[in-house]
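Contents: one structure, followed by commentary.
The values are calculated or read from the model by the stated rules, or taken from the named source; none is laboratory data. Quick caveat, the model's predicted, so the values are computed rather than measured. All Cβ positions, even for glycine, are placed from backbone atoms using ideal geometry, and neighbour counts span all protein chains on display. Side chains are part of the model used for accessible areas, which takes the heavy atoms of the whole protein and leaves out ligands, DNA and RNA. Shrake-Rupley method; radii C 1.70, N 1.55, O 1.52, S 1.80 Å.
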Amino acid sequence: MEKKVLQTMIKEAKRIVFFGGAGVSTGSGIPDFRGSGGLYTEPSETEESPEEMLSGDYLRKYPEKFYRYYKKNMLYPNAKPNGAHKALAKLEQMGKLTSVITQNIDGLHQAAGSRNVIELHGSVLRNYCISCYEEYPLSYIMQANGVPVCERCGKPVRPDVVLYGEGLDGFAFARAQREIERADLLIVGGTSLTVYPAAGLIHHFTGKNFVIINQTPTPYDPYAALIIREPIEDVLAHVTEDF
């Protein structure tokens, strides 16, 4: 019944925006930080917290330890797009979906075919020298022994992701806000809506229907026209299969 309602909303909408988090990629084998098998639930090998080890300050102070932890816990180069990524790409190709706003850093939306993707937290696929800004692909990071260094100037290379303690890209955030303001259907999926300032973007939606697809409650549930508590890859694949 709920999927039918969502399908009708999608068919009637003219400007759909999707806002997603880690739960969108769990179906691709990338664990949610706070879900089963995530960094917050698995026994830690160190005394430092994930927030500390994945912070910009930690990268600067202990680059070797940062990269050892980062490569083990944050990089999934063999992950493939799941049903959610593919369904969203399909909606964009149909002219229904105007943008995907993601908190994920895995690049799977683009791999599925989505073109207008706003990455609030950057992407592990992009890396750059901290001195001369020479760009490097993910493969360069994966193949490096220890700290990857720039081939041009010899300085450290870092991922183009927003680490703990660092600010969001103001341009990306402003783009996301404009897209949400112009949407008539906002679908939020795979996110607890507790990470700010990203979660605060929801306040800019003034359109017709606000939908949440998440297996656990969120602080924004009371404002949703529709809530679906099922895996997002199953939901989106099902509602778009006849389109």
- In the neighborhood of Glu230, defined by Cβ-to-Cβ distances under 14 Å, what is the net charge if each Lys or Arg adds +1 and each Asp or Glu adds -1? 0
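Calculate the FRET efficiency for Leu226 and Asn145 from the Cβ-Cβ distance with a Förster distance of 51 Å, rounded to the nearest 0.05. Mind showing how you got there, number by number?
On the way: r = 50 Å, r/R0 = 0.98.
In this case the efficiency is close to 0.55.
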- DSSP beta bridges in the chain, what fraction antiparallel, as a percent rounded to 5? 25 percent
- Once semi-axes √(5λ) of the Cα gyration tensor in Å is worked out from the coordinates, which option in (i) 36, 21, 18; (ii) 29, 21, 19; (iii) 33, 18, 17 does it equal? (iii)
- Message: What is the distance in Å between the Cα centroid of the stretch 98-176 and that of the stretch 66-81?
- Response: 13 Å
- Message: Once neighbouring chains are kept in place and the probe is 1.4 Å, which whole percent of the accessible area of the chain is contributed by carbon and sulfur?
- Response: 50 percent
- Query: Where in the stretch 201-243 does the amide nitrogen come within less than 15 Å of the point 7 Å from the Cα of Lys4, taken along Cα to Cβ?
  - Reply: 239
- Protection proxy (average C-beta count within 10 Å per residue), highest first, orders 98-105, 74-81 as 98-105, 74-81
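Would you tally the net charge around Ala144, using a Cβ to Cβ cut-off of less than 13 Å, leaving Ala144 out, and scoring K and R as +1, D and E as -1?
Details: positive: Arg68, Lys71, Arg158; negative: Glu64, Glu151.
Net charge in that neighbourhood comes out at +1.
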- Assuming R0 = 35 Å, can you tell me the calculated FRET efficiency for the pair Met94 and Glu48, based on Cβ-Cβ distance, to the nearest 0.05? 0.15
